[in-house]
């Protein structure tokens, strides 16, 4: 029976992402929100796992997270303490015994459904079956222990935006910058896009994305090349990364969108949306649509002809 150190961390919701990053960096394969989240017992792993498309109401300003690190990594706790204190977080620990923590982790992950005018993208983990409804497009994902199945607000907004665009426009090519588990590029191919390219700098993400493309029997070009090294322009480009990176890479990303094409930008806190949009408008774009969910926002911009 494997021994784990259970970590209960408490701190301000506004610094949630930094706390999750610190816990994962300390060796936890996942992070569970146990108080103050949209639903009890939902799992986080760099992302917030949610179960439905309902928008959560007002939430507590404090958040409680549960994480586990192997007992043999006890020496990391001192560094974790220093990192969490930077963001106003603290934690307590206890010894935890479990035969297979990953089984509990898997049990908490739920399918995600994003719908538009009778069509639905259903993203489900490989170990959960979903009753098929008319108009369903099923994407199977095996996320590994650190990548999402489309349930984080930022990814769900990307899925909603792409579903909207695909049902109102002829989309032939798609580029996903920062693909993670590959869910967006796979969904694009399921929506009959002829060519989908997925980029990521993380070799583990690339491996998982390739596996997921095979699971769904779709051809996706998966690459570790930076966006500026990708040739050609695309009907739709998505970039679900941090706002700072969206600004830093604005010229490189913009150059990959064809005239009359669309750019979906996500990973943006609501308060940062205007400044991100202002970075792209001088590069030949105009506002087209905006999504918001919880504290997150996503922008859809159209490139001028």
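Scan segment 59-80 and tell me whether some residue there is at pLDDT below 80, in contact with a strand residue (DSSP E or B) (Cβ under 9 Å, 6 or more places away or on another chain) and surrounded by fewer than 16 Cβ atoms within 10 Å (Cβ to Cβ). Yes - at least one qualifying residue is present in segment 59-80. Within segment 202-225, being in contact (Cβ under 8 Å) with a residue 60 or more places away in the chain and surrounded by fewer than 22 Cβ atoms within 10 Å (Cβ to Cβ) holds for 204, 211, 215, 216.
Among all positions in segment 170-183, there is at least one residue which is part of a helix (DSSP H, G or I) and either in the same structural domain as residue 249 (by TED's automatic domain parsing) or surrounded by 17 or more Cβ atoms within 10 Å (Cβ to Cβ) (or both). Residue 228: assigned by TED's automatic domain parsing to the domain that holds residue 171, outside any strand (DSSP E or B) and either touching a helix residue (DSSP H, G or I) at 6+ places or on another chain (Cβ under 8 Å) or in contact (Cβ under 8 Å) with a residue 40 or more places away in the chain (or both), yes or no? Yes; evaluated as a whole, the condition is true for this residue. Among (1) surrounded by 22 or more Cβ atoms within 10 Å (Cβ to Cβ); (2) part of a strand (DSSP E or B); (3) in contact with a helix residue (DSSP H, G or I) (Cβ under 7 Å, 6 or more places away or on another chain), where does residue 261 come up short? All conditions are met except number (3).
The single condition among (1) in contact with a helix residue (DSSP H, G or I) (Cβ under 8 Å, 6 or more places away or on another chain); (2) at pLDDT below 90 that residue 202 does not meet is (1). From the list 167, 85, the lone residue that is surrounded by fewer than 17 Cβ atoms within 10 Å (Cβ to Cβ), in a helix (DSSP H, G or I), at pLDDT 90 or above and not assigned by TED's automatic domain parsing to the domain that holds residue 73 is 167.
The values are calculated or read from the model by the stated rules, or taken from the named source; none is laboratory data. No experiment lies behind these values; they were computed from the predicted model shown. Every residue, glycine as well, gets a Cβ built from its backbone with ideal geometry; the counts of neighbours run over all protein chains shown.
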